[in-house]
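The values are calculated or read from the model by the stated rules, or taken from the named source; none is laboratory data. Quick caveat: nothing in here was measured; it's all calculated off a predicted structure. With ideal geometry, Cβ positions are generated from the backbone for all residues, glycine too; neighbour counts draw on all protein chains shown. In case anyone asks, the SASA skips ligands and DNA or RNA and just uses the protein heavy atoms, side chains included. Shrake-Rupley method; radii C 1.70, N 1.55, O 1.52, S 1.80 Å.
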Amino acid sequence: ELNLEQNYPNPFNPTTTIRYGLPARSHVTLSIFNTLGQQVAVLQNGEQEAGYHDVQFDARSLPSGVYFYRLRSGNYSETKKLLLVQ
């Protein structure tokens, strides 16, 4: 089963790690959005092997605030919230 974990640390400044697990090789998209729903970063977009993956998000160029990260793979989509404090 696909598993998207809460980022750590959270709140963060300026980098955080997002961890997720894939049950099988699949195409994955991991994106960051602001509260207006605008995509501000794409951290992963492509085929990945099964297992756990850690992705670093560097938000140095973004203003403080609430953001959301969304993992999509096949029919699966999950979104979680993260907090940037600059």
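Return the residues of segment 66-78 that are touching a residue at least 12 places away in the same chain (Cβ under 8 Å) and in a strand (DSSP E or B); say none if nothing qualifies. Correct list: Val66, Tyr67, Phe68, Tyr69, Arg70, Leu71, Arg72, Ser73, Tyr76, Glu78.
Which of the residues spanning segment 2-48 are in contact (Cβ under 8 Å) with a residue 60 or more places away in the chain, of a type in the set (S, T, N, Q) and either surrounded by 14 or more Cβ atoms within 10 Å (Cβ to Cβ) or over 19 Å from Asp58 (Cα atoms) (or both)? Within segment 2-48, Asn7, Asn10, Thr16 qualify. Going residue by residue through segment 52-65, is there one that turns out to be assigned to a strand (DSSP E or B), open to solvent by 50 Å² or more (accessible area, probe 1.4 Å) and of a type in the set (A, V, I, L, M)? The answer is no; no qualifying residue exists. It is to be established whether one or more residues within segment 23-34 are over 13 Å from Leu2 (Cβ atoms) and not in a strand (DSSP E or B). There is at least one residue in segment 23-34 that is over 13 Å from Leu2 (Cβ atoms) and not in a strand (DSSP E or B).
Criterion first (at pLDDT below 95 and of a type outside the set (A, V, I, L, M)) does Pro9 satisfy it? I'd like the intermediate steps shown before the answer.
Values: at pLDDT below 95: no; of a type outside the set (A, V, I, L, M): yes.
The answer is no for Pro9.
Tell me which residues, restricted to segment 37-51, are of a type outside the set (A, V, I, L, M) and assigned to a strand (DSSP E or B).
In the first step, residues of segment 37-51 are kept if they are of a type outside the set (A, V, I, L, M); the result is 37-39, 44-49, 51.
Within segment 37-51, Gln39, Gln44, Asn45, Gly46, Glu47, Gln48, Gly51 meet the criteria.
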